[in-house]
Amino acid sequence: MSYPAVMCPMVDQQTKTTFDGGCVCGGVRYRMESLPLFVHCCHCRWCQRETGASYALNALIEADRVSLLNGEPEMTPTPSNSGKGQEIWRCPKCRVALWSNYAGFGSKVHFIRVGTLDEANRITPDIHIYTSSKQPWVIIPEGHAAVGRYYDLKKYWPESSRTRLKQLLR
Ligand SMILES: [Zn+2]
Ligand SMILES: [Zn+2]
């Protein structure tokens, strides 16, 4: 006998695969409709400068799996490490950044700023990148994938995510 998912007591925070998020003023609210493709913890100097912190935590997900629940973010063209620029999508009121689009995948993949998710604790990094410019006090947990600069997607992404990306870029 099966129950609708909402009634099933087994569906809790651990098994839920949607993620809601938003800016600090509440003007923009969004939902990630599934688990991300992959999660970067980026220690590059550009991310440090953009966030004012020591690294950025980005969940990569197909843009069509992100739906707006309230408001609409506004795009700010911003220089990027690659020289090709990025588009940072911000709340038009409080200006908090919600996600970026980079030249590589274009507008098809959102780099969601994990800190804007209500339950950011449900997302952990799959890889640490640009560790060559990591702040010395940041200690990467043992067993975590880490590379000095960027990485080969084929080597690190799980099969399921590579299939999703293939479908997306087709
Ligand atoms: Zn806002
Ligand atoms: Zn970075």
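Throughout, read-outs are computed from the coordinates displayed, never taken from laboratory work. Worth saying up front: this structure is predicted, and the values here are computed from it rather than measured. Glycine also receives a Cβ, built like all others from the backbone with ideal geometry; neighbour counts cover every protein chain displayed.
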Selection within the range 33-47 - within 16 Å of residue 161 (Cβ to Cβ) and among the basic types (Lys, Arg) = none
task = Note down all Cβ pairs under 7 Å where the first residue falls in the range 127-155 and is free of Cβ contacts under 8 Å to residues at least 24 places away in the same chain and surrounded by 10 or more Cβ atoms within 10 Å (Cβ to Cβ), the second is hydrophobic (A, V, I, L, M, F, W, C) and outside any strand (DSSP E or B), and they're at least six residues apart or on different chains.
result = 146/140
remark   = Given (1) more than 16 Å from ligand 1 (Cβ to nearest atom); (2) assigned to a loop (DSSP other than H, G, I, E, B), residue 94 misses just (1)
query = Which pairs have Cβ atoms under 6 Å, sit 6 or more apart or on different chains, and link a residue in the range 25-46 that is without any contact (Cβ under 8 Å) to a residue 12 or more places away in the chain and more than 28 Å from residue 137 (Cα to Cα) to one that is within 16 Å of ligand 1 (Cβ to nearest atom) and hydrophobic (A, V, I, L, M, F, W, C)?
reply = none
request  = Considering only the range 66-75, state which residues are under 12 Å from the mean Cα position of the chain (by Cα) and without any contact (Cβ under 8 Å) to a residue 40 or more places away in the chain.
outcome  = none
request  = Give 63, 145, 56 a once-over and let me know the one that is within 14 Å of ligand 2 (Cβ to nearest atom) and touching a strand residue (DSSP E or B) at 6+ places or on another chain (Cβ under 8 Å).
outcome  = 56
key: the range 113-138: number of residues that are within 14 Å of ligand 2 (Cβ to nearest atom) and in a strand (DSSP E or B)   = 4
ask   = Which condition does residue 78 not pass, out of (1) of a type in the set (S, T, N, Q); (2) touching a residue at least 40 places away in the same chain (Cβ under 8 Å); (3) surrounded by 13 or more Cβ atoms within 10 Å (Cβ to Cβ), if it passes all the others?
value = (2)
note = Reported set for the range 68-87 where residues are more than 14 Å from ligand 2 (Cβ to nearest atom) and in a strand (DSSP E or B) is 68, 69, 70, 74, 75, 76, 77, 87
